[in-house]
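The values are calculated or read from the model by the stated rules, or taken from the named source; none is laboratory data. Everything numeric here is computed off the predicted structure, so don't read it as measured data. Here Cβ is always computed from backbone atoms with ideal geometry, including for glycine, and neighbour counts include all displayed protein chains.
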Amino acid sequence: MITLFSLLIPSQVVVTKGVVVNNTAKKVFDELTVLENWKHWLPLFKSDSVKLSFYGNGGLNEACEWESGGKMNQLRIDSITTDKVEIALRTEGESAVVNTIRIFPLADSNSVQVEWRAVTKLKWYPWEKFRGLFIEKMSGDTYDEALKSLKSYVEGK
């Protein structure tokens, strides 16, 4: 019965957050396309207790790894276009989370809207599907905090 009910739950969860940054699209884009720059504003990367290892010289296929909760995590830039960056977050034993960060210039201003969209694909297992019901509550605040920190850092440059 539980398995049948879980089949009614969507197989992917999308969390979207946004913020307006009072700076140019280029300045924001420069922060997003080099993972080492994320140490300036991503709360997890700012922590002294996290040991980060970076691979690549910025841009496409640059990656960062760290250990958390006994599991290895990897963040890798998979795609860069003129207005978005796609980053895959892989955690050992879990499905990858595809993150897309888009930059939208706002008309008649020197500001941009930054939108962070995270898509988590869930396995068919009932416990996975039920966990999906809480992903937005568990991770939404983290994306909000990251965007606010990015805004604060870029506007202070």
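Remarks
- Number of the condition not met by ASP48 [criteria: (1) at pLDDT 85 or above; (2) among the charged types (D, E, K, R); (3) in a loop (DSSP other than H, G, I, E, B)]: (1)
- When region 25-36 is limited to residues that are of a type in the set (A, V, I, L, M) and without any contact (Cβ under 8 Å) to a residue 60 or more places away in the chain, the one that is surrounded by the fewest Cβ atoms within 10 Å (Cβ to Cβ) turns out to be VAL34.
- Positions within region 84-117 being under 17 Å from VAL34 (Cβ atoms) and of a type in the set (D, E, K, R), in sequence order: LYS84, GLU86
- So LEU42, is it on the phi < 0 side of the Ramachandran plot and in contact with a helix residue (DSSP H, G or I) (Cβ under 8 Å, 6 or more places away or on another chain): yes
- Test set (1) at pLDDT 85 or above; (2) under 18 Å from VAL15 (Cα atoms); (3) out of contact with any helix residue (DSSP H, G or I) (no Cβ under 6 Å at 6 or more places or on another chain) - TYR55 fails condition number: (2)
- Of all positions in region 79-91, at least one carries a residue that is more than 19 Å from THR142 (Cβ to Cβ), buried (at least 16 other Cβ atoms within 10 Å of the Cβ) and β-branched (Val, Ile, Thr).
- Checking each residue in region 37-78 for being in contact with a strand residue (DSSP E or B) (Cβ under 7 Å, 6 or more places away or on another chain), surrounded by 13 or more Cβ atoms within 10 Å (Cβ to Cβ) and touching a residue at least 24 places away in the same chain (Cβ under 8 Å) picks out GLU62, ALA63, CYS64, LEU75, ILE77.
- Residue within region 53-71 that is of a type in the set (D, E, K, R) and assigned to a helix (DSSP H, G or I) present: no
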